Structure formats: structure tokens, C-alpha cells
Amino acid sequence: MRKRGFFIAAILSTAVIAGCSDKEQVEQPEIEEQEEVLVADAEEEEALPFVAPFTGEPIAEEITQRPIIATINNHPLARPQSGLAQADVVYEMLAEGDVTRFLALYQSQIPESIGPIRSARSYFIDIAKGLDAFYLAHGYSPEAKSMLDKRVVEGINGMQYDGIYFNRSSERRAPHNSYISGENVVAGAEKIGASLLYQKKVSYPFYEGEDSVKIGTQASEVAINYSTNGKFNSQYVFDSETNRYARFSANVQTVDYVTQQPIELANVLFFEMPHQIIDNEGRRAINIKGGGNAYVFQGGMMREVKWKNAESFLIAIEEDGSEVKLVPGQTWVHFVPTSPGLASSVTYAQ
């Protein structure tokens, strides 16, 4: 279609020039310039006045929605998950053994269905606290239960509200079948007297244009290996036309269960953190309090940076100490054990 349209335009242009006087030919570029100015003015008038705090995307009204964080199951029997395509940010990390779980952050939009929901860990709660997020989980480790009992964060748990706000899907078996709707998130917050207004105004910085992101080493593909069995290993492939990364888990593309919409990411980050196994179940403690090495992938490029904990809000830092800017869109953040470390766990190629 593009070639055909160009061919017709070329014929019309030739006909106009052939039928015009020399004076008319000279004036034609001036008319085109005026039209370009009018189009530019119109686009400027249509520019949206606000940006979403965690995606950097233009929006018409300032966001007042408090962030919501949900623990999402990543067991193979829980895939594909519901609501990942609507998440502003997804954090992925080890929960026990080689099993990873997601923390999905919602603010720009709240999905009709979120899940499967799984149990809390202490470091999940720390992250939710740093974002002042309303926290959703179904179950808890002993350490997490103690924190929830002390109301370190506000939220609701499926252990108290199974069948009330959390509903079981007949299509899957427990513990891979607990879901919550956007309406029930609101109802649950009202039940415990929690506000869903955005009060702690944390956000990421974003590039205003794509040119600035072309720094570092070219890397159109990246893979993260959490184990040798491959069930929880992921790959990301950059598409230069969309400026987005497609995600694959165990060699299957990650899509949303409800919409079948593929996950398309603007940024993929890897934070190296100390991990420790703390019980016979293989549960882990992850130290998110300090900082360490990090990789950032955006615009088909990769560069080594650092990360740090800024009042429990985890951010990536450039060599000069400034915060890493993100490409507007969704972001996926992996937590990687310091042993074997980023260099052994994360591989990338042009």
C-alpha cells in the first residue's frame, strides 16, 4: 500500500508542475511549508498535559490512583497470566528454589482480572511499602505474615478473603487458580478503610525522545537464566519497528490470558542482589536495602549501570549519579542473585 500511494502522489505532483506557470511552481513549496506549520501547530495543541508516573506515557488527566501491587504466580501451570499486559511495571524474582514470582504494579489502568495471585514474601512487602502501594497476595511466608499482621503495608490477602474478594477459577487447580477483579480490589480497600488515592508521589524519569536512548552496546536479544531446568528462564527480543521487546518464558511468548495480547516492553532491567536460602522449603531472603550492579536494556542497546534503594524505591543510577531515564512504556525488572551474578546469568547478543 505504501508503494502504491507514493506512485499516485508522484503522478499527481508531475501533472501539477506540468500544468503550472513558472510563478506557480515557485509558490508551491511555500504552500507546502504553510501546511506543515499548520499540522505542527495542531499536533502541539493536541499534546496531552500529563504523563503517567511509571510509564511516562502522555495522559489527559493527572493520575490520582494509588499504585496497586499484586503477587502473580509464575508456575508453568499458572501461565498465561491475567493482567500482565496492563501492568505499568513487573518485578520478577526468586521466591523459593528455582521458582520465580512477579510483582505487578498497576496504576495507569486496573485490569478486569488479575492473577493467579500467590503468597507474599518479606521483600515483596518491602517493595510495596516503598511505593506506598495497596498490596494483594494469597498466602504468606512466616516472615511475611508477621509483617502483614503488623500492618507494614495496607492490602488484602486471599487467606482472609478467599471466595469473597478472591475467586477461584474452575479452569485451573489450586494453588494456581486464585484471581481478583479490579472491582474487588476497590471493594477490599473500602472494607479495610484503605485509601486508594495517590499520596506518595514516586515516579521514574523518562526520555522525551528516542534519540537519547541510543547509547551503550547494541543488543537486540537478551536472556536471563535462573536455573538449568529452563522453566523459569526468559528471553527478550527487540523489534526496531515498534521499539519494544517481546518476552518469552521457557521459549513460549508471554501473552495476557484474557486478551491474548503479547507483552511488549520498553525497558528491561536487571538488578544484582544478595540472595540467601532461609528454610527447608527453599524460601529466600533477598537484600534490597543497599545497591549493586545493574544492566539496562532499551532501544536495542545495553549498558552497565548501578542500582540503589532510595527510601525503599529501587532505582537505576548512571555513572554520574543521575537516575537512569526510561523509554516511555512498560518496564520489566529482574532481581538476579549476586552468585553467580549478572555476568553469568544474563547473556545478550546483537
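The values are calculated or read from the model by the stated rules, or taken from the named source; none is laboratory data. None of the values given here were measured: they were computed from a predicted structure. Cβ atoms come from the backbone with ideal geometry, glycine included; neighbour counts cover every protein chain shown.
Quick rundown of the values:
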{"quantity": "Qualifying positions in the range 293-317 - more than 21 Å from G130 (Cα to Cα) and not hydrophobic (A, V, I, L, M, F, W, C)", "calculated": "Y295, Q298, G299, G300, R303, E304"}
{"quantity": "Test for I114: is it at pLDDT 95 or above and over 17 Å from the mean Cα position of the chain (by Cα)", "calculated": "no"}
{"quantity": "Qualifying residue in the range 263-273 (condition: of a type in the set (V, I, T), more than 17 Å from M93 (Cα to Cα) and crowded, with 23+ Cβ neighbours inside 10 Å)", "calculated": "yes"}
{"quantity": "Number of positions in the range 77-123 that are among the hydroxyl-bearing types (S, T, Y) and in contact with a Leu (Cβ under 9 Å, 6 or more places away or on another chain)", "calculated": "2"}
{"quantity": "Condition check for S339: at pLDDT below 95, of a type outside the set (D, E) and closer than 24 Å to Y207 by Cα", "calculated": "no"}
{"quantity": "For F313: the one exception among (1) under 19 Å from the mean Cα position of the chain (by Cα); (2) modelled with pLDDT of 95 or more", "calculated": "(2)"}
{"quantity": "In the range 84-111, residue nearest to the chain's Cα centre (by Cα) [restricted to those that are in a loop (DSSP other than H, G, I, E, B) and among the hydrophobic types (A, V, I, L, M, F, W, C)]", "calculated": "A87"}
{"quantity": "Entirely in the range 220-299, the strands (runs of 3 or more DSSP E) that have 1 or more residues that are among the β-branched types (V, I, T) and under 18 Å from the mean Cα position of the chain (by Cα)", "calculated": "221-224, 234-239, 267-273, 291-298"}
{"quantity": "Set P111, P80: member being over 22 Å from Y165 (Cβ atoms) and out of contact with any His (no Cβ under 8 Å at 6 or more places or on another chain)", "calculated": "P80"}
{"quantity": "Residues being in contact (Cβ under 8 Å) with a residue 12 or more places away in the chain and either outside the structural domain of N267 (by TED's automatic domain parsing) or within 18 Å of V202 (Cα to Cα) (or both) - total across the range 291-326", "calculated": "14"}
{"quantity": "Only one of I127, I156 that is of a type outside the set (D, E, K, R), touching a residue at least 24 places away in the same chain (Cβ under 8 Å) and under 23 Å from N287 (Cβ atoms)", "calculated": "I127"}
{"quantity": "Selection count, the range 159-168, where residues are of a type in the set (D, E, K, R) and in contact (Cβ under 8 Å) with a residue 12 or more places away in the chain", "calculated": "1"}
{"quantity": "Enumeration of residues in the range 327-343 that are without any contact (Cβ under 8 Å) to a residue 24 or more places away in the chain and assigned to a helix (DSSP H, G or I)", "calculated": "A343"}
{"quantity": "Tally, over the range 57-95, of residues that are free of Cβ contacts under 8 Å to residues at least 40 places away in the same chain and of a type in the set (A, V, I, L, M)", "calculated": "1"}
